[in-house]
Amino acid sequence: QFFVFCHGLLQLSQLLVSGYLKSSISTIERRYGLSSQTSGLLASFNEVGNTLLIVFISYFGSRVHRPRFIGSGAILVSLAGFLMSLPHFITGPYEYDQSVASTFSNTTDLCQPGVPGSWANLSGTSCTPRASRENHEVLLVMFIAQALLGIGGVPIQPFGISYIDDFASERNSPLYLGILFSVTVIGPGVAFMLGSAMLRFYVDMDKVSAAEVQLTNKDPRWVGAWWLGFLVAASLVALSAVPYFFFPREMPREVGQVLHMSTSWFPVVLLRNLRHPVYLLVVLAQVNISAMVAGLATFMGKFLERQFSLTASLANMIIGAVNIPGAMVGIVVGGAILKRFQMSLRRCSAMCVLGMFLCLLVAFPLLFLGCPTQKVAGVTYSDSSELGHHELQCNLQCNCPEEAYNPICGSNSIEYISPCSAGCRAVSIHGDSSSVLNYTNCSCISEEGLPGSAQPGTCSTGCSHLFLPFVVLSCLAGILASTSHTPSFMLILRSIQPEDKSFAVGIQFMLLRVLAWMPGPVLYGSAIDTTCILWEKRCDRKAACRYYDNTLFRQR
């Protein structure tokens, strides 16, 4: 029982490391200028290390000291977690365009006519060889960390489960495994809540004083302390790893346990299972839904942030407190229905089909529940008819660089990429802190023929009333889809020969990894990238996306 407790703790903290990355992905994109395709590849890269080794590990399962192997794997996972946070400590502070001169830079991003050189050291132009090398180092470190995370995670689940199953009594084994299974479902929810908590802190809270931070967490340039969660999660994994080095190789069995081991010839079993139509069809169905879940888990937070103008922290809160518990409820309900109505295989498959069909019905309106792209001058919007050619000339004498990014919302409720592009000459600052109150004397915004004013931050997309229906429907769709989780497993376990069970489940997970969990986030990320309308440029390469076409983003 102590082993089960330790294993539950270890699985939870291992899931914290891998799940936390998904919760902070949009923040890491912004901090290091990554496209969603790159960040999707990063998020699924741990599956690579995992897949390469899982077959060998399952095969050598009974021949090694399992607890020690689990402990060593956990040490690797914890090392990976610490490595993930390393980029924060090897790179300089986060730089963003400022309207108020600070200790970092004495230039501001206001309109300064006749000072052509005033922009010289703005973030976009600081492209030294060091900066581009730094960026490659960051990506290299993170990809290595993800590969280690996958490799370290390999022995944890199979060895833990087989160890428990070998030495628990037949009566208690399902209970223990049920406990572990529920932990693996709760884990990602906890990870998103951890993300929600950490991203409220400013990324460089260890490098700059609070007084110097001019951003609030509502600001589109805000980057939260993404690295902090990795330190927390990795420390937890390291702690959970300790007891494993003290468990025996074999335990005295609980009463009533019969030992049954089967070894069979690998290729024969593989072909026998893959030729089985029920097995193959169910696994392919699971591949489809898993690819969707993998892509959604990675980018749902980013989607909510962009569609409904939420902070990263709130988006994670919604996913961790609403969507993931919803999926748990669905899994439990599905299992309960199975148990209550002793279902035949045909009924199991009918139940899966029904769950999916209802899920599609509920999810269909989600295509239309979202916000239009905000009007951004010169990006999604150019109103030349009303203003004549005034729009184009109004900021010519400001010498704005293309890279400037500090969105403001004009009093005409049109968004401008920076105060300079709106032709704003003056800024008023909050007395006690250095945060901006508003911009005035903006030549591109006219109020009754006079230069207008603007507020810092993006214009809201103005459809917050659709947010609640979206959350309710997406949660319902998740509940309905996950009712088919347990019956689909039953279809697999009951349709194959008993001695092939553990092997068939191993093959199933390998196929899920290769065909769903690896490509899923990359495909989703690439699809999201195709809807970008303005890319940030860093050293002449496309970095992170500034603005998406919200409607296309939602539909794709």
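The values are calculated or read from the model by the stated rules, or taken from the named source; none is laboratory data. Here the structure is a predicted model, which is why all the values come from computation and not from measurement. Backbone-built Cβ (ideal geometry, glycine too); neighbour counts: all protein chains shown. Accessible surface areas use protein heavy atoms only, side chains included; no ligands, DNA or RNA. Shrake-Rupley method; radii C 1.70, N 1.55, O 1.52, S 1.80 Å.
Looking only at segment 317-346, count every residue that is farther than 25 Å from S36 by Cα, open to solvent by 50 Å² or more (accessible area, probe 1.4 Å) and in contact (Cβ under 8 Å) with a residue 24 or more places away in the chain and tell me the total.
Number satisfying all stated conditions: 5.
Only helices (runs of 4 or more DSSP H) wholly contained in segment 25-112 count here; list those with 1 or more residues that are at pLDDT below 90. If you could, list the steps in order and put the result at the bottom.
On the way: elements: 25-32, 36-44, 46-60, 66-90.
Helices (runs of 4 or more DSSP H) meeting the threshold: 46-60, 66-90.
Of the residues L310, L284, L314, only one is within 22 Å of G520 (Cα to Cα) and either open to solvent by 60 Å² or more (accessible area, probe 1.4 Å) or not hydroxyl-bearing (S, T, Y) (or both); which?
Just a single option satisfies the conditions, and that option is L284.
Please verify whether S126 is open to solvent by less than 50 Å² (accessible area, probe 1.4 Å) and either more than 21 Å from F509 (Cα to Cα) or modelled with pLDDT of 70 or more (or both), treating the condition exactly as stated. Break it down into steps so the answer makes sense when it comes.
Numbers: open to solvent by less than 50 Å² (accessible area, probe 1.4 Å): no; either more than 21 Å from F509 (Cα to Cα) or modelled with pLDDT of 70 or more (or both): yes.
Answer is no for this residue.
Taking interchain pairs and intrachain pairs at least six residues apart, which have beta carbon atoms under 9 angstrom, with the first residue in segment 205-222 and of a type in the set (S, T, Y) and the second not in a loop (DSSP other than H, G, I, E, B)?
T216/P456
Return the total of residues in segment 202-247 being open to solvent by 60 Å² or more (accessible area, probe 1.4 Å) and not in a helix (DSSP H, G or I).
Going through segment 202-247 one residue at a time, the tally reaches 5.
Filter segment 160-198 for residues that are within 15 Å of G19 (Cα to Cα) and among the small types (G, A, S) and give the result. Write out each step before concluding.
So in segment 160-198, the residues within 15 Å of G19 (Cα to Cα) come out as 183-198.
G187, G189, A191, G195, S196, A197 - these are the residues of segment 160-198 that are within 15 Å of G19 (Cα to Cα) and among the small types (G, A, S).
How many residues does segment 370-403 contain that are assigned to a loop (DSSP other than H, G, I, E, B) and either modelled with pLDDT under 75 or farther than 25 Å from L304 by Cα (or both)? Explain how you work it out, then say what you get.
Restricting attention to segment 370-403, the residues satisfying the condition of being assigned to a loop (DSSP other than H, G, I, E, B) are 370-375, 378-380, 382-383, 388-389, 394-395, 399-403.
In the following step, the residues that additionally are either modelled with pLDDT under 75 or farther than 25 Å from L304 by Cα (or both) were identified as 382-383, 388-389, 394-395, 399-403.
Residues that pass the stated criteria total 11.
Checking the conditions here, which among Y163, Y176 is farther than 20 Å from A297 by Cα, of a type outside the set (A, V, I, L, M), touching a Lys or Arg at 6+ places or on another chain (Cβ under 6 Å) and touching a residue at least 40 places away in the same chain (Cβ under 8 Å)? Can you show your working first?
Details: Y176 fails: touching a Lys or Arg at 6+ places or on another chain (Cβ under 6 Å).
Sole residue among the options that is farther than 20 Å from A297 by Cα, of a type outside the set (A, V, I, L, M), touching a Lys or Arg at 6+ places or on another chain (Cβ under 6 Å) and touching a residue at least 40 places away in the same chain (Cβ under 8 Å): Y163.
Does segment 132-149 contain any residue that is farther than 22 Å from M510 by Cα, among the charged types (D, E, K, R) and outside any helix (DSSP H, G or I)?
Step one: of segment 132-149, the residues farther than 22 Å from M510 by Cα are 132-142.
Filter again for among the charged types (D, E, K, R), leaving 133-134, 137.
Now drop any that are not outside any helix (DSSP H, G or I), which leaves none.
There is no residue in segment 132-149 that is farther than 22 Å from M510 by Cα, among the charged types (D, E, K, R) and outside any helix (DSSP H, G or I).
Report the residue count in segment 476-513 for those that are under 15 Å from L280 (Cβ atoms), among the β-branched types (V, I, T) and open to solvent by 10 Å² or more (accessible area, probe 1.4 Å).
Of the residues in segment 476-513, 3 are under 15 Å from L280 (Cβ atoms), among the β-branched types (V, I, T) and open to solvent by 10 Å² or more (accessible area, probe 1.4 Å).
Restricting to segment 454-473, give me the number of residues that are in contact with a helix residue (DSSP H, G or I) (Cβ under 8 Å, 6 or more places away or on another chain), within 12 Å of I414 (Cα to Cα) and either open to solvent by 50 Å² or more (accessible area, probe 1.4 Å) or assigned to a helix (DSSP H, G or I) (or both).
The number of residues fulfilling the criteria is 0.
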